[in-house]
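Asks: One structure is given below, represented as structure tokens, and several questions about it will come after.
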Amino acid sequence: MKNLTTVPTTPFDGQKPGTSGLRKKTVEFMQPDYLNSFTQATFNAIGGLAGKTLVLGGDGRYFNAAAAQVILKMAAANGLQKMIVGQNALLSTPAASNLIRKYQADGGIILSASHNPGGPDEDFGMKFNTANGGPAPESVTERIYSETRSLTAYRILQSPDVDLSALGTRTMGDMEIAIIDPVSDYHALMHQLFDFDAIRGLIAGGFTLAIDAMHAVTGPYARAIIETDLGAPTGTIRNAVPLADFGGGHPDPNPVWAKDLMTILFAAGAPDFGAAMDGDGDRNMILGAATYVTPSDSLAVLAANAHLVPGYAAGLAGIARSMPTSRAADRVAEKLAIECYETPTGWKFFGNLLDAGRATLCGEESAGTGSDHVREKDGLWAILLWLNIIAVRQQSVAQIMTDHWTEYGRNYYSRHDYEGVDAAQAHAMISEMRDRLDSLPGTGVEGMTVQSADDFCYTDPIDGSEAANQGVRIVFDGGSRIVYRLSGTGTVGATLRVYLERYENDPALLHEEPQRALQSIIKAAETLAHIQKFTARNAPDVRT
Ligand code: VG1
Ligand code: CO
């Protein structure tokens, strides 16, 4: 190939993918050869690119477009046959997953640091998805990391940038580049799952919505589907234009970062339904008028009602949730007499269960819900599933929640995050807890007795692979639970996540304020782990 260069390089430290790809400060990603080295390591780890097809796109954050050009030139130099790219290098994570599956690509590269803020002083990220459309499993990310440790050179084509703003087919060297509309294939997939006429009727009947795309990638998707197709008024989608810095916010759909939306939904004359999605479109927050639905409850409600929706009318094969996610979904699975799987944090652990047809719905407490329609969590899908269920049940979000808790009881739930704390201290806290696990069962804390204490170790039921040290969990008599784990997506210091849960089925106690309902669990979490001492904080930064 003409103009092909092989550039010598030396390994960069710390190119180890975390919970969801490699996530670093943007300046770190932009230093000479950094992106190139990680890209070459990824290509090497999957056995080269000759004759293959990949999908490429990102969430539109700062450096997205420039990084896409580098990856194209490197893919061409590495012998890729075809790259399917979203117009302007944009693709939501679930849309990328769909494209990989639909066009039987060999995998895909998603440029995103998801819910982390973007911009020159913020975060950038890169994820590799495999041919099933899902995040690379640990066996693959380990291979990528090991390639980064021994890399001596990368290959790149000296070529002008490709204009990614116009749809159509181009070539670069011997590689074909198909520039496609990022929305249309995803939009078609949604039509296969949902009753659009029913949702259209709901909206035409006066049901009002406010959807916050948080200046991230889902704006164009939500506009095409919810405004143009389903008939919601223009302006229903807020912050709908993707911006390189997400307007200066964290594109994280929770009550703290989507505060403006919360205010609207909790004000007089609030819309009937509210939702927000994250940077790369895989997370969702669901709200009703004066109602916040915790992600764990959302999974349970969706599982209990999915049969009302065409795509799931045949019922669910099983449910899967990440370990720290509340056990509300387990109660639904029990009633449906289907399996409920408990996996480590991170969507990659759902892939085998979905591929094997063992689970239909999956969810995480961090605002991720999805199904076997793709191999990623999917924010807009979750919104449409809620809307379809509401259209059938003709009830408000608040009424659906009350009915659910009356039937199943309520798993009060909250996550407390201590962000950017001293990493050594955070690790010391976890390791001290680990050392004491064996001595905890039978002891009393804040009036409760510890029933079991362990560090979650997962054995994949399909391929037998193991993932150890996935979070310290303390379970009390009566089913209350505390989980401690360190984030694998942060880029500064360490982030400690403390997950708190208590089950309640007294009909008179189903509408408490969650922080109050969890008071003794919150105290027990401090008593057991000395969070204040290790984090040097007297309160969490974020409570969701
Ligand atoms: C967080 C969430 C986890 C989610 C991951 C990626 O990971 O807790 O549930 O799968 O982000 O989501 P961690 O390791 O920081 O707790 V996303 O939307 O950033 O791709
Ligand atoms: Co995300």
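Bear in mind that the values in this text are calculations on the coordinates, not laboratory data. Given the structure is predicted, the values throughout are model-derived calculations rather than measurements. We place every Cβ from the backbone using ideal geometry, glycine too, and count neighbours over all the protein chains shown.
Asks: What ranking do 102-114, 169-181 get when scored by the average of other Cβ atoms within 10 Å per residue, highest first?
Replies: The packing order, highest mean first, is 102-114, 169-181.
Asks: Whole percent per 10 Å bin, from 0 to the bin with the longest distance: what is P(r) over all C-alpha pairs of the range 186-408?
Replies: Final binned percentages: 9, 36, 39, 15, 1.
Asks: Collect residues whose amide H, placed 1.01 Å from N in the peptide plane, falls under 5 Å from the amide H of Gly274; neighbours closer than 5 in sequence don't count.
Replies: Sorted by chain and number, the residues that satisfy this are Ala210, Leu287, Gly288.
Asks: Still on this structure, I have one more. Applying a 10 Å radius around every beta-carbon, put 194-201, 94-101, 495-502 in order of their mean neighbour count, most first.
Replies: 94-101, 495-502, 194-201
Asks: Taking 0.36 nm per intervening residue step and subtracting the Cα-Cα distance, what contour gain separates Thr443 from Asp161 on full extension?
Replies: Separation in residues times 0.36 nm, less the Cα-Cα distance, equals 95.1 nm.
Asks: What angle do you read, to the nearest 10 degrees and between 0 and 90, between the alpha-carbon axis of helix 34-45 and the longest principal axis of the chain?
Replies: Its long axis makes an angle of about 90 degrees.
Asks: Determine one quarter of the surface area of the Cα convex hull of the range 388-428, which equals its mean projected area, and express it in nm² to one decimal.
Replies: Taking a quarter of the hull surface, the average projection is 5.4 nm².
Asks: Kindly express, to the nearest 10 degrees and within the range 0 to 90, the angle between helix 423-436's C-alpha long axis and the longest C-alpha principal axis of the chain.
Replies: Helix 423-436 sits at roughly 50 degrees to that axis.
Asks: Which order do peptides 58-65, 12-19, 80-87, 182-189 fall in by mean Cβ count within 10 Å, highest first?
Replies: Going from most to least packed, we get 58-65, 80-87, 182-189, 12-19.
Asks: Here's another thing I want to ask about it. Measure out, as a whole number of angstrom, how far apart the alpha-carbon centroids of the range 25-40 and the range 344-363 sit.
Replies: Here the two parts' Cα centres lie 31 Å apart.
Asks: Hey, how much of the P(r) for the chain falls beyond 38 Å, as a percent of Cα pairs?
Replies: Value for the chain (Cα pairs over 38 Å): 26 percent.
Asks: Note down the relative contact order for the chain as a percent, whole number, built from C-alpha pairs under 8 angstrom at least six residues apart.
Replies: With pairs under 8 Å counted, the relative contact order is 13 percent.
Asks: Using a Förster radius of 25 Å, what is the FRET efficiency between Asp260 and Ala539 based on their Cβ-Cβ separation? Nearest 0.05, please.
Replies: With R0 = 25 Å, the Cβ-Cβ based efficiency is 0.60.
Asks: Something else: Simple spin-label model, 7 Å along Cα-to-Cβ: Thr5 to Ala356 in nm?
Replies: 4.8
Asks: At 222 nm, what value in deg cm²/dmol follows for the chain if DSSP H runs of at least 4 each add -39500 (n - 2.57) and the sum is divided by all its residues, to the nearest 500?
Replies: Dividing the helical sum by the residues of the chain leaves -9000 deg cm²/dmol.
Asks: Between the alpha-carbon centers of the range 200-236 and the range 254-274, tell me the distance in whole angstrom.
Replies: 16
Asks: Give me, ordered by chain and number, the residues 5 or more places off Thr325 or on other chains with an amide H under 5 Å from its own placed amide H.
Replies: Answer set, sorted by chain and number: Glu365.
Asks: Let me ask something else. I'd like the distance separating the alpha-carbon centroids of the range 407-428 and the range 69-101, in whole Å.
Replies: 36
Asks: While we're on this one: Any chance you could get the radius of gyration and Dmax over the Cα atoms of the range 410-543, in Å?
Replies: Taking only Cα atoms of the range 410-543, I get Rg and Dmax of 15.3, 45 Å.
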